[in-house]
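**Student:** Quick one: the structure is below, and I'll ask about it shortly.
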Amino acid sequence: MAALTSIAAGIGIASSLGGAAMSFTQANKQQKLQQEAEAEALKAMIQARGRLDVNYMDALSVQKEPYELQREAMLAQGTQAIDAAQESERGTAAAAGRVQMAQNEAQGGIRTEMGKELTEIERLKVAEESRLRDLQTQLDLGEVEGAQMAARNAQEMAAQATTQGFE
């Protein structure tokens with residue numbers, strides 16, 4: 001009977017050792033899974049940050065062609081007005097002065113419109129930069145939150161597996 005009891009005790013100890021080994025193996029496996037998940041998360045975070053580093057609004061610029069066409073049309077009209085004045089009896093000097101004033105005013109209008117377009121482009125660039133900065137901040141906060149949660153989960157799993165191993 002004593003032999004049976006010692007055999008049973010030996011089997012119980014072997015079973016406990018096997019269970020402890022399995023618990024420690026499970027703890028090790030959980031740590032490896034955690035490391036793999038952290039590596040994947042880091043890779044995804046680097047890719048996301050890389051995409052946020054590009055402000056596509058920086059590629060915007062003033063389309064100069066419409067302004068150049070408008071300027072050329074204004075100059076052509078001025079030339080036609082001067083030619084017409086030369087052929088008339090009223091004289092070229094007065095017409096040239098009026099044409100010059102009209103061209104100066106039109107050129108001012110072109111500059112104003114171009115300035116408005118430039119201002120709008122700059123506003124869009126700044127707004128996009130602000131949006132990208134906000135997204136970066138959200139990523140940072142999400143990363144911190146995720147890291148805290150992962151650390152807490154890993155700590156709980158490791159503690160559970162270690163406790164089971166000692167039990």
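**Student:** Would region 143-161 turn up any residue that is among the β-branched types (Val, Ile, Thr) and surrounded by 13 or more Cβ atoms within 10 Å (Cβ to Cβ)?
**Tutor:** Among the residues of region 143-161, not one is among the β-branched types (Val, Ile, Thr) and surrounded by 13 or more Cβ atoms within 10 Å (Cβ to Cβ), which makes the answer no.
**Student:** Consider region 118-148. How many of its residues are under 12 Å from the mean Cα position of the chain (by Cα) and of a type in the set (Val, Ile, Thr)?
**Tutor:** Total meeting the criteria: 1.
**Student:** Quickly run through region 57-71 and pick out the residues that are surrounded by 12 or more Cβ atoms within 10 Å (Cβ to Cβ) and under 30 Å from Val99 (Cβ atoms).
**Tutor:** Val62, Pro66, Tyr67, Gln70, Arg71, listed by residue number.
**Student:** Quick check on my filter: what residues within region 72-91 are of a type outside the set (S, T, N, Q), open to solvent by 100 Å² or more (accessible area, probe 1.4 Å) and assigned to a helix (DSSP H, G or I)?
**Tutor:** Glu72, Glu87 - these are the residues of region 72-91 that are of a type outside the set (S, T, N, Q), open to solvent by 100 Å² or more (accessible area, probe 1.4 Å) and assigned to a helix (DSSP H, G or I).
**Student:** Would you tally the residues in region 42-56 being touching a residue at least 12 places away in the same chain (Cβ under 8 Å) and open to solvent by less than 60 Å² (accessible area, probe 1.4 Å)?
**Tutor:** Residues flagged as touching a residue at least 12 places away in the same chain (Cβ under 8 Å) and open to solvent by less than 60 Å² (accessible area, probe 1.4 Å) within region 42-56 amount to 5.
**Student:** Inside region 114-134, can you point out the residues that are open to solvent by less than 90 Å² (accessible area, probe 1.4 Å) and touching a residue at least 12 places away in the same chain (Cβ under 8 Å)?
**Tutor:** Met114, Glu117, Leu118, Ile121, Leu124, Lys125, Ala127, Glu128, Leu132
The values are calculated or read from the model by the stated rules, or taken from the named source; none is laboratory data. None of these values were measured; they are calculated from a predicted model. We place every Cβ from the backbone using ideal geometry, glycine too, and count neighbours over all the protein chains shown. Areas reflect the complete protein model, heavy atoms only, side chains present, ligands, DNA and RNA absent. Shrake-Rupley method; radii C 1.70, N 1.55, O 1.52, S 1.80 Å.
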